[in-house]
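The values are calculated or read from the model by the stated rules, or taken from the named source; none is laboratory data. Since we're looking at a predicted model, the values are computed, not measured. Because the Cβ atoms are built from the backbone with ideal geometry, glycine has one as well, and the counts that use them run over all protein chains shown. Only protein heavy atoms, including side chains, enter the accessible area calculation; ligands, DNA and RNA are left aside. Shrake-Rupley method; radii C 1.70, N 1.55, O 1.52, S 1.80 Å.
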Amino acid sequence: MDPAARTTGLPPDTGALLQLRDFTIEAFIKIDDRVNYPSLVGKSRTDAGGPTWLLDTSSNGTLRARIDSQPLGQTSGSGSNQGINTTLNLEDGRWHHVAATYEDATRSFKLYVDYTLLSQATTVNPIVYDSKPLLIGQGGGGRAFDGWIDEVRYSSGILSTDQFMHA
């Protein structure tokens, strides 16, 4: 079996399904204990040990995204380690719906918490992919998450907030 398939729980030969140009990623999360920059979900990349894109929480418990859109093979430079931050603290012991959307044509990356748009930015370059896996709760350039992650959905296309999963 392909090692990437074992990591993601997907059958072999699904690489293209994990390299969406326009996408929505969403999940329900509940934080148990603070870990600085724990990975929630992200698409890792081979070079530099960083992610293509990654959702995590910052050192103050707020949702953020990291995008490394520099060309493959480059470990730094234009597009490396781009951060998109929010200000709502998620360390309140409750379940939260978190989501991100990315539109390739405009390079627009948006972050949502509990169905509300909290932050958006334009990536320096379009997102680049390689064959590395989609990781949930660990890896992708960050640290392991300490809490619960439920109902992760990675969709092709930009979903509106009324199309997001609801509890």
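Name the residues in region 58-86 that are β-branched (Val, Ile, Thr) and touching a residue at least 60 places away in the same chain (Cβ under 8 Å), would you? The one that is β-branched (Val, Ile, Thr) and touching a residue at least 60 places away in the same chain (Cβ under 8 Å): Ile67.
Within region 87-97, identify whether any single residue is among the small types (Gly, Ala, Ser) and either in contact (Cβ under 8 Å) with a residue 24 or more places away in the chain or assigned to a loop (DSSP other than H, G, I, E, B) (or both), and answer yes or no. Walk me through it before giving the result.
From region 87-97, those among the small types (Gly, Ala, Ser) are 93; that's our starting set.
Applying the additional criterion that residues be either in contact (Cβ under 8 Å) with a residue 24 or more places away in the chain or assigned to a loop (DSSP other than H, G, I, E, B) (or both) yields 93.
Looking through region 87-97, at least one residue is among the small types (Gly, Ala, Ser) and either in contact (Cβ under 8 Å) with a residue 24 or more places away in the chain or assigned to a loop (DSSP other than H, G, I, E, B) (or both).
Condition first: in a strand (DSSP E or B), over 21 Å from Met165 (Cα atoms) and at pLDDT below 90. Can you find one or more residues in region 25-43 that meet it? Looking through region 25-43, at least one residue is in a strand (DSSP E or B), over 21 Å from Met165 (Cα atoms) and at pLDDT below 90. Determine if region 117-127 includes at least one residue that is touching a residue at least 24 places away in the same chain (Cβ under 8 Å) and in contact with a Pro (Cβ under 9 Å, 6 or more places away or on another chain). Among the residues of region 117-127, at least one is touching a residue at least 24 places away in the same chain (Cβ under 8 Å) and in contact with a Pro (Cβ under 9 Å, 6 or more places away or on another chain), which makes the answer yes. Among the residues making up region 57-106, those that are of a type outside the set (S, T, N, Q), in contact with a helix residue (DSSP H, G or I) (Cβ under 9 Å, 6 or more places away or on another chain) and either open to solvent by 10 Å² or more (accessible area, probe 1.4 Å) or under 17 Å from Ile136 (Cβ atoms) (or both) are Leu72, Gly73, Ala99. Here the condition is being at pLDDT 95 or above and touching a Gly at 6+ places or on another chain (Cβ under 7 Å); of Ile149, Ile158, it holds for Ile149 alone.
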